[in-house]
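Reading through the structure tokens given below for one structure.
The values are calculated or read from the model by the stated rules, or taken from the named source; none is laboratory data. Note that the structure is predicted; figures quoted are calculated from it, not measured. Note: ideal-geometry Cβ built from the backbone for every residue, glycine included; neighbour counts use all protein chains shown. Calculation scope for accessible area: heavy atoms of the full protein, side chains included, ligands and nucleic acids excluded. Shrake-Rupley method; radii C 1.70, N 1.55, O 1.52, S 1.80 Å.
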Amino acid sequence: MSSEPRTASDAAAASIFKKPVPNYHTTSTLKRNTHRFITGMPSVPQTEIANLYAATAIRNAHVPHACVHTRPHVHGHTPRDYSLFDVLVDLEARPTKSKYEVLEGRISELEGLLREMGVTLTSQSSSTSPSSGPSIRSSPEVEIIPGPAKSVRDSPENSPPHEIRSPQKTRDDTSATSPSNNSTGGLLTLPRELKDATVEYLRATTSRTPQLVQKGPINGDDLRVLPMGWPAGLPNPEITRHLVQAFFAFHMYAGRLFHGPTFISSLNLHPSDQRFPSPCLLHAMCAVGSMYTADIPPTPIHTSGIFPYEVFAGRWRKAQSRPDSFAEQQVKLAKFAVDDMLDTGTNLVEVLQTIILLAWFYKCQGRWSEAYLAAGLAVRCAIPCGLNTRAPFACNTSVFGVTPVRTTTIIPPARSTTEDETRVNIFWIAYALERQQVSGNSYSSVLDDHDIYQLLPVRRDKFEQGAIVQMSDRQWSHDDNILLVHPKNGTDSFSLFVKSMMVLSRVKRFNTRYKGRFYAGDPDMYSPSSVLCASLEDLDPRDTPAFREVDNLVSSFYSSFPQNMRDPIQEETVDSYLYTACCSAHLAHILLHEPYADLGSSTCISATKILAAARNIMDLIYSIASTSFDVSLLDSLPYMAWYNAGRVLTRFLKVAVESSMFDSIMTLQAEVSFVHAMLARAGERMPVAYRYKKIIYDLLVELCGTQFVGNHPHSSSKSVYIDPVHSSLIDPVPMASIFSPASTMPPMSMSPSGGMDFIHDFSVGAQ
């Protein structure tokens, strides 16, 4: 394995990042040519390798051989005392047929010796500590690690405790010999017979986890060969590289959270190199990257009735009698490594990147409590790292109030422009995930917007080039009208995405604080109507100056987009950042106005605005559904926007049913059905979309009745969990799923019922 990046690898890595979002078709699947693998296997004592060669010499003393030593330094030894290496050297003088016969004989002998050694290990296991087994090293560059035993229990609750080796990479446990001196790149080349047997073993043990592996006798098929110092628990280097490349090719945040070509090149370094990625980061990348490959079994989706509404994943996870999936294994190892590195304060930037990936994974898996905690932790860790502020606005204080040195950060300064801009991106992605997580609930944000004094990200092309952007072309987070002014030289889809998160934050801040501000006597929270309210529960803040300010901002945000950036789908290519920003702009209307909307009143402005916002989100759904883009590649926020649009439309459907407005019923029913179908489509890979789909179904049944859904059973009664490929078939789709979208339906006559007249107006006007 070379210690420097290879030119061909760098060129291949750079080609991945040319397009912001790949044109990914729903029918295509990212395949790979690597073999299946296992992780987290226990080690064998170092003395056993000596026993192996000793046993070989004793056994061969009774067998006649034609092999003679050819190396000068072994002439003083008996011809019978030789190693396997001597056999391979002597084969040069033999005919081809004789070479194969000798190799096959030696392989059979070694397999027998390994089985015998397994018996010896079993007899010694009672006197050996489970955690004191160093790995066998056959050379300074290679580790040979034994695999798990053949028996694996299926239930995590019933399995005994087992050894889990720390995923922290051992940069100090290295040899003076560089693997670059080895012609095989630091890997041991096995004979074809042993290699085939190893491949079959790896294929048979793909789903095994470090937590479930039981120690047992070692046989010839239980050995895998990895470069020395390779982090425990990771797949082999080829598969790890494949998963990392899948992550960069398909994950939305990959090209901003990391500088892609630099990171891909760092994988060519030896694991002991300080520039080699941290194990925690590779574990997280493998977990996320496995979601975009076909050969690794995905994490099954839970389908019980409590799944959409249970906040704590551990409660419904206990009902699943299955081992952890590969992604769940890697997430646990990443979390374990993060805790260890936070204890020592090492590689904090990589730790922060890992926490961001874990927060994203938890959110997409529908694990609400873990996602909320991880997103908050990411922002919390960014603050002492000084990523939320920047000179000259940073405040110099002592670290945690205990060190005499006054500083703004606990991490070293960036070494290059690319590293500095990467840190800016890291903060804004952590900010975005945290704001997404709290937008849909009543929990407070971790970091106030008034405590952020950071530059907005540079354009993607400038970031990839590592170019220095003049301050005149950049914006600060606290600039006036930052959300409505978009400089041409400093604006792209990612900066609009960050601004859309800031808009959601403004809405969140108002919704959580307006009652407290009113109680404290804030003049911006008073109006003629609010003075007369008897209690805080009766307070209607829509006439207050503070509400009007936020409402004007939300209404003007989308229209302020540059003309060429108002459509996230151009030429069959979907810009995921811009699509998320557009969804957020319309979602902000719903989050701001829905608590005060009177759906049965034709004069309610809030009801009119949330219906218009829901229809605008429907337009975005129709647009992306008309392409071949795989909607499961989107961020989780569009699913949240789709769900809120479906929920609003379901509420209006209830009013239409009560008012017997049959034309409106058909339109609204078709729209709700389409939202349900698109969430089901995304839910084949993303469990969070599946959860939103089930909530839409339950809400439709609760508000409108079972006559608006199909006759299929509500959930599967045959199994607790199912493969995600069939998840969309478990719940019935609404009966109107075969209807065309409202935009393609013929114009509807105005209903004489005044209570729902505005529904007809927006069924066409909002398109």
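Can you find, within the range 442-461, the residue that is farthest from PRO487 (Cα to Cα) among those that are of a type in the set (Val, Ile, Thr) and in contact with a Ser or Thr (Cβ under 9 Å, 6 or more places away or on another chain)?
So the first thing to find is which residues in the range 442-461 are of a type in the set (Val, Ile, Thr), and the list is 446, 452, 458.
After this cut, where a residue has to be in contact with a Ser or Thr (Cβ under 9 Å, 6 or more places away or on another chain) as well, the list is 452, 458.
Working: ILE452: 20, VAL458: 11 Å.
Per the criteria, the residue is ILE452.
Being part of a helix (DSSP H, G or I) and within 18 Å of ASP575 (Cα to Cα) is true of SER495.
Report the residue count in the range 638-690 for those that are part of a helix (DSSP H, G or I), more than 24 Å from PRO595 (Cβ to Cβ) and charged (D, E, K, R). Explain how you work it out, then say what you get.
Initial filter on the range 638-690 (part of a helix (DSSP H, G or I)): 638-658, 662-682, 687-690.
The next check asks that each one be more than 24 Å from PRO595 (Cβ to Cβ); those that pass are 662-663, 665-667, 669-670, 673-674, 676-678, 680-682, 687, 689-690.
Still in the running and charged (D, E, K, R): 663, 681.
Total meeting the criteria: 2.
Considering every residue within the range 550-557, establish whether at least one is open to solvent by 50 Å² or more (accessible area, probe 1.4 Å) and among the acidic types (Asp, Glu). Looking for residues that are open to solvent by 50 Å² or more (accessible area, probe 1.4 Å) and among the acidic types (Asp, Glu), one finds none in the range 550-557, hence no.
If PRO392 satisfies every condition in (1) over 28 Å from ARG513 (Cβ atoms); (2) modelled with pLDDT of 90 or more; (3) open to solvent by 40 Å² or more (accessible area, probe 1.4 Å) but one, which is the exception? Unmet condition: (2).
Determine whether LYS462 is open to solvent by 30 Å² or more (accessible area, probe 1.4 Å), of a type outside the set (A, V, I, L, M, F, W, C) and over 28 Å from GLU549 (Cα atoms).
Working: open to solvent by 30 Å² or more (accessible area, probe 1.4 Å): yes; of a type outside the set (A, V, I, L, M, F, W, C): yes; over 28 Å from GLU549 (Cα atoms): yes.
Judged against the criteria, LYS462 is a match.
Among the residues of the range 536-548, not a single one is buried (at least 21 other Cβ atoms within 10 Å of the Cβ), among the β-branched types (Val, Ile, Thr), in a helix (DSSP H, G or I) and in contact (Cβ under 8 Å) with a residue 24 or more places away in the chain. Checking every residue in the range 364-373 against the condition of being free of Cβ contacts under 8 Å to residues at least 12 places away in the same chain and either out of contact with any Gly (no Cβ under 6 Å at 6 or more places or on another chain) or surrounded by 20 or more Cβ atoms within 10 Å (Cβ to Cβ) (or both) gives at least one match. Hey, among the residues in the range 300-340 that are open to solvent by 30 Å² or more (accessible area, probe 1.4 Å) and of a type in the set (A, V, I, L, M), which one's nearest to ILE696 (Cα to Cα)? Step by step, filter the range 300-340, then rank; the result is ILE306. Looking at this structure, is GLU419 over 22 Å from VAL554 (Cβ atoms) and charged (D, E, K, R)? Criteria met by GLU419.
Tell me whether the range 567-582 contains one or more residues that are out of contact with any Ser or Thr (no Cβ under 9 Å at 6 or more places or on another chain) and surrounded by 23 or more Cβ atoms within 10 Å (Cβ to Cβ).
So in the range 567-582, the residues out of contact with any Ser or Thr (no Cβ under 9 Å at 6 or more places or on another chain) come out as 570-571.
Keeping just the survivors that are surrounded by 23 or more Cβ atoms within 10 Å (Cβ to Cβ) gives none.
Looking through the range 567-582, none of the residues is out of contact with any Ser or Thr (no Cβ under 9 Å at 6 or more places or on another chain) and surrounded by 23 or more Cβ atoms within 10 Å (Cβ to Cβ).
Which condition number does VAL469 fail, the rest of (1) surrounded by 14 or more Cβ atoms within 10 Å (Cβ to Cβ); (2) modelled with pLDDT of 90 or more; (3) over 27 Å from the mean Cα position of the chain (by Cα); (4) within 20 Å of ASN347 (Cβ to Cβ) being met? Looking at each condition in turn, VAL469 falls short on (4). The residue that is farthest from HIS450 (Cα to Cα), among those in the range 509-528 that are open to solvent by less than 60 Å² (accessible area, probe 1.4 Å) and of a type in the set (Ser, Thr, Tyr), is SER527. The set of residues in the range 341-361 being open to solvent by less than 10 Å² (accessible area, probe 1.4 Å) and of a type in the set (Ser, Thr, Tyr) consists of THR354 alone.
Among the residues of the range 246-287, those that are more than 19 Å from GLY229 (Cβ to Cβ) and assigned to a loop (DSSP other than H, G, I, E, B) comprise HIS251, MET252, TYR253, PHE258, HIS259.
Do we have any residue at all in the range 625-646 that's crowded, with 19+ Cβ neighbours inside 10 Å, touching an Asp or Glu at 6+ places or on another chain (Cβ under 7 Å), closer than 24 Å to ALA254 by Cβ and modelled with pLDDT under 95?
First pass over the range 625-646, keeping only residues crowded, with 19+ Cβ neighbours inside 10 Å: 629-646.
Next, from what is left, pick out any that are touching an Asp or Glu at 6+ places or on another chain (Cβ under 7 Å): 632.
Applying the additional criterion that residues be closer than 24 Å to ALA254 by Cβ yields 632.
Narrowing the set further to residues that are modelled with pLDDT under 95 leaves 632.
Yes, that holds for at least one residue.
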